[in-house]
Amino acid sequence: MSRLNVNPTRMELKRLKGRLATAIRGHKLLKDKSDEMIRRFSVLIKENKRLRDEVEKELSGCLKQFAFASGVSSRAALEKAFSMPSVKLDVKYSTDNVMSVEVPKITVNGTIGGDMPYAFAEITSEADYSVKKISEVIVKMMKLAEVEKTVAMLAAEIERNKRRVNALEHVMIPQLEETISYIRSKLDENERAATTRLMKVKTMIADRNA
Amino acid sequence: MQGETAIIGNGDSVLAFKAGGVDAYPAGDAAKARELLRKLAKTYKVVFITEDLAAELDDLISRMNEQPYPVIVPIPSENGASGYAGQKLIRHMERALGVDILFNKEER
């Protein structure tokens with residue numbers, strides 16, 4: 001194990017002891033943070049999986065339907081029919097704080113409107129179904145967007161945090177402990193040396209006086 | 001009109017989202033989509049992108065994971081889900097936990 005390159009002095013020992021105490025405290029705090037983040041993550045990722053499955057199922061259904069519709073009508077007609085939105089989402093975008101990770105928070109307050117954006121004569125009725133469905137599924141998609149981003153950001157943060165915990169646990173703390181014990185033994189040795197020197201001097205003086 | 005959500009996709013299927021109040025941007029190939037995504041990321045809050053294109057822009061999307069916004073969400077195209085999003089989910093999970101807690105039970 002490597003020890004830090006410091007002078008074995010009492011002052012250095014005191015400083016290192018302080019650093020060790022901080023490192024241990026920090027390690028404990030980071031470990032707790034990691035545990036809590038992992039707990040939240042495992043809840044969120046299950047939610048993410050569920051939402052994604054739902055969205056994928058609903059979306060692929062309605063996109064297939066839309067493909068039929070677009071097959072029947074010309075591209076220009078489609079573009080014209082869909083150029084105006086039928087539904088306007090009332091969405092608030094803010095950020096939330098999950099274990100000091102800034103994550104997006106998307107709140108859908110509801111939808112405005114809900115009619116078909118086109119005249120029924122303009123386009124095939126196949127399109128109606130997909131439009132209606134998309135207006136519904138879009139709310140779920142916004143939720144999915146929020147959850148998925150949160151999961152991605154949490155995953156990155158958990159990884160970073162794990163690195164910090166490991167660095168403290170396996171590098172910083174052993175290094176400090178090693179250095180502290182080195183300084184301590186060095187100081188003890190100095191003290192013993194001083195004592196024996198004194199004893200030796202004492203006997204020498206006693207011999208001379210005798 | 002400038003909204004806050006956009007969709008990038010290949011083909012006409014993205015047009016359907018216009019009805020949902022989402023601005024649609026068709027992109028034929030990955031290069032076009034990359035350019036679009038870079039531009040849209042500056043103005044939009046949420047950008048949906050079809051999976052087949054998202055798989056090719058993976059590096060760009062991963063880089064945007066540092067800030068809360070914009071949110072880039074892969075969605076299945078009209079050909080159905082390609083499994084890109086599921087793959088991504090597994091990757092995040094393994095990154096964070098080291099184990100797969102969702103899919104391992106379903107596979108054998």
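The values are calculated or read from the model by the stated rules, or taken from the named source; none is laboratory data. Being a predicted model, the structure only gives us computed values, none of them experimental. For neighbour counting, all protein chains shown are included, and Cβ atoms are generated from backbone atoms with ideal geometry for every residue, glycine included.
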remark   = Sole miss for B:Tyr44 among (1) surrounded by fewer than 21 Cβ atoms within 10 Å (Cβ to Cβ); (2) more than 13 Å from the chain's Cα centre (by Cα) is condition (1)
Test for A:Tyr118: is it modelled with pLDDT under 80 and surrounded by fewer than 16 Cβ atoms within 10 Å (Cβ to Cβ) = no
query = Would it be correct to say that A:Ser34 is under 27 Å from A:Glu178 (Cα atoms) and more than 16 Å from the chain's Cα centre (by Cα)?
reply = no
Residues that are within 10 Å of chain A (Cβ to nearest Cβ) and more than 23 Å from B:Gly83 (Cα to Cα), drawn from segment B:33-73 = B:Lys45, B:Glu66, B:Gln67, B:Pro68, B:Tyr69
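Among the residues of segment A:24-46, which ones are of a type in the set (Lys, Arg) and either within 14 Å of chain B (Cβ to nearest Cβ) or not in a helix (DSSP H, G or I) (or both)?
So in segment A:24-46, the residues of a type in the set (Lys, Arg) come out as A:25, A:28, A:31, A:33, A:39-40, A:46.
Correct list: A:Lys33, A:Arg39, A:Arg40, A:Lys46.
Could you please let me know if A:Lys143 is outside any helix (DSSP H, G or I), at pLDDT 75 or above, surrounded by fewer than 19 Cβ atoms within 10 Å (Cβ to Cβ) and of a type in the set (D, E, K, R)? Full working, then the answer.
Numbers: outside any helix (DSSP H, G or I): no; at pLDDT 75 or above: yes; surrounded by fewer than 19 Cβ atoms within 10 Å (Cβ to Cβ): yes; of a type in the set (D, E, K, R): yes.
Judged against the criteria, A:Lys143 is not a match.
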request  = Tally the residues that are surrounded by 17 or more Cβ atoms within 10 Å (Cβ to Cβ) and within 7 Å of chain B (Cβ to nearest Cβ), restricting the search to segment A:63-76.
outcome  = 4
request  = Name every residue in segment B:1-35 that is surrounded by fewer than 24 Cβ atoms within 10 Å (Cβ to Cβ), within 13 Å of the chain's Cα centre (by Cα) and modelled with pLDDT of 80 or more, in order of residue number.
outcome  = B:Arg34
inquiry  = For segment A:52-62, give me each residue that is surrounded by 16 or more Cβ atoms within 10 Å (Cβ to Cβ) and either more than 10 Å from chain B (Cβ to nearest Cβ) or among the acidic types (Asp, Glu) (or both).
reply    = A:Glu56, A:Glu58
